[in-house]
Structure formats: structure tokens, C-alpha cells
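> Quick one: the structure is below, and I'll ask about it shortly.
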Amino acid sequence: MKISVPLTQGQLPAAYGKFAQPQTFKNGHPLVSFPIHITDVPAQTASLALTFVDPDSIPVAGFQWIHWTAANLPADLTEIPENASQKPPFSMIQGKNSTASPYINETDPTISQRYVGPTPPTGIHQYELRVYALDKVLDLRPGFWMNELQHAMSGHILSHQKLILPYRG
């Protein structure tokens, strides 16, 4: 399996994080998700899942910041279009991101259970996008936590791909 994301000068475009247009923010959070191209998915794939996290947030927040989790995407997808998190053109379930944690306690599910874009304080953070091809549709409900996704995927990953997507602070 292969995944790709269009970059601008080697980085995730400004439109998908803290430098996005003000009208794409809600409660101070950028909400427009980036497009993802997917190819060479194994023939026996039953569903896809994804995670988008910031390990470089550990020194700032004390934990890896979760920006987006989604599961049960159709196995035959070749593209997840821009803003699919807020306006999905296909069936999927989305999990909680780190704004749902007790530290932030965002209660609006259009923020806490969707994509929330990068907003690093300074420097360039190396965000990790992972897309998984799975041999089953996962038994998860909307608003699942990332650890629940990881447990549900255990033993069912046919293939996965990781991309590092830099974004500047």
C-alpha cells in the first residue's frame, strides 16, 4: 500500500493548520483536513483506518497529540478528499482527538471527534500520518479513543504506510 499527500516546499500546506484562513477555524481550531491519495491496497482489504499524530508535542503537552483518527473507511478508496473529516463523501467513523482530553475538554463533537489541524507553537513539528489496510470492518462507535482503535486493529492489519508531514509553528 502507498499513500501520498500534496506538500508545499516539503511541508503540509498552510491551509491545513494554524495558518489556514480564519473562516476554516472553530473555537480556535483549524478544521479542514488535507487530501490523502491511496494506491496498491491489498485485494483482501475489508476497510481502511487512519491516525494523524504529533510526537513532537510530547515536550510541550507531555503526550503525543492526536489530531485525527478514523476507521471503517471503504476499502476501495483511492482518495480521501480535502475536508473529508467535516464533510465525509463516504461512510466512516471518527474518533476523539486530543481536544477531547480532560486537559482541553472540548465538548463540541464537530471539533473533538474530527480532524483538528496542526498548531505547533514554534519550529517545525514532524506529524505522522498512518493509513492501515484491515481484513475486517472494526467494531467501534463514533468517538472512540485511539487506544481502542489500536486494540481493534491488532491482528487485522494487512498493510500500513506511514508518512511524515512537517508543519511549521
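The values are calculated or read from the model by the stated rules, or taken from the named source; none is laboratory data. These numbers come from a predicted model, not from an experiment. Positions of Cβ are backbone-derived with ideal geometry, glycine not excepted, and every protein chain shown enters the neighbour counts.
> Consider Ser85 carefully, then state whether it is in a helix (DSSP H, G or I), surrounded by 15 or more Cβ atoms within 10 Å (Cβ to Cβ) and either touching a Phe, Trp or Tyr at 6+ places or on another chain (Cβ under 7 Å) or at negative phi (or both).
Here the answer is no, as Ser85 does not meet what is asked.
> Moving on. Answer yes if at least one residue in the stretch 145-156 is without any contact (Cβ under 8 Å) to a residue 24 or more places away in the chain, surrounded by 14 or more Cβ atoms within 10 Å (Cβ to Cβ) and not polar (S, T, N, Q), and no otherwise.
Yes, the stretch 145-156 contains at least one residue that is without any contact (Cβ under 8 Å) to a residue 24 or more places away in the chain, surrounded by 14 or more Cβ atoms within 10 Å (Cβ to Cβ) and not polar (S, T, N, Q).
> With respect to Ala71, determine if the residue is modelled with pLDDT of 95 or more, surrounded by 18 or more Cβ atoms within 10 Å (Cβ to Cβ), of a type in the set (A, V, I, L, M) and in contact with a Phe, Trp or Tyr (Cβ under 6 Å, 6 or more places away or on another chain). Reasoning before the result, please.
Details: modelled with pLDDT of 95 or more: yes; surrounded by 18 or more Cβ atoms within 10 Å (Cβ to Cβ): yes; of a type in the set (A, V, I, L, M): yes; in contact with a Phe, Trp or Tyr (Cβ under 6 Å, 6 or more places away or on another chain): no.
Judged against the criteria, Ala71 is not a match.
> Still on this model: Which is touching an Asp or Glu at 6+ places or on another chain (Cβ under 6 Å), among the polar types (S, T, N, Q) and modelled with pLDDT of 95 or more, of Ser159, Ser112, Ser85?
Values: Ser159 fails: touching an Asp or Glu at 6+ places or on another chain (Cβ under 6 Å); Ser85 fails: touching an Asp or Glu at 6+ places or on another chain (Cβ under 6 Å).
Ser112 is the lone residue from the list that is touching an Asp or Glu at 6+ places or on another chain (Cβ under 6 Å), among the polar types (S, T, N, Q) and modelled with pLDDT of 95 or more.
> Let me ask another. Condition first: in contact with a strand residue (DSSP E or B) (Cβ under 8 Å, 6 or more places away or on another chain) and part of a loop (DSSP other than H, G, I, E, B). Now tell me which residues in the stretch 89-105 satisfy that. Steps first, answer last, please.
Here is the first cut: in the stretch 89-105, the ones in contact with a strand residue (DSSP E or B) (Cβ under 8 Å, 6 or more places away or on another chain) are 90-99.
Passing the criteria: Phe90, Ser91, Met92, Gly95, Lys96, Asn97.
> On the given criteria, is Pro121 farther than 28 Å from Ser154 by Cα and either in contact (Cβ under 8 Å) with a residue 24 or more places away in the chain or surrounded by 20 or more Cβ atoms within 10 Å (Cβ to Cβ) (or both)? Steps first, please.
Values: farther than 28 Å from Ser154 by Cα: yes; either in contact (Cβ under 8 Å) with a residue 24 or more places away in the chain or surrounded by 20 or more Cβ atoms within 10 Å (Cβ to Cβ) (or both): yes.
Yes.
> Determine the pairs where a residue that is touching a residue at least 24 places away in the same chain (Cβ under 8 Å) and under 23 Å from Ile111 (Cα atoms), located within the stretch 74-85, has a partner that is part of a strand (DSSP E or B) and of a type in the set (S, T, N, Q) with Cβ atoms under 7 Å apart, the partner being 6 or more residues away or on another chain.
Hits for this filter: Ser85/Gln94.
> Looking at the stretch 135-169, which of its residues are closer than 24 Å to Asn83 by Cβ, of a type in the set (A, V, I, L, M, F, W, C) and outside any loop (DSSP other than H, G, I, E, B)?
Met146, Leu149, Leu163, Ile164, Leu165
> For the stretch 56-72, what are the residues that are in a strand (DSSP E or B), within 22 Å of Ala15 (Cβ to Cβ) and either in contact with a Leu (Cβ under 8 Å, 6 or more places away or on another chain) or not β-branched (Val, Ile, Thr) (or both)? Let's see the steps before the verdict.
Our first condition is that a residue be in a strand (DSSP E or B); within the stretch 56-72, this holds for 65-72.
Pick out the ones that are also within 22 Å of Ala15 (Cβ to Cβ) and you get 65-70.
Of everything in the stretch 56-72, those that are in a strand (DSSP E or B), within 22 Å of Ala15 (Cβ to Cβ) and either in contact with a Leu (Cβ under 8 Å, 6 or more places away or on another chain) or not β-branched (Val, Ile, Thr) (or both) turn out to be Trp65, His67, Trp68, Thr69, Ala70.
> Moving to a separate point now. Kindly establish whether Glu128 is part of a strand (DSSP E or B), charged (D, E, K, R) and at pLDDT 95 or above.
Yes: the conditions hold for Glu128.
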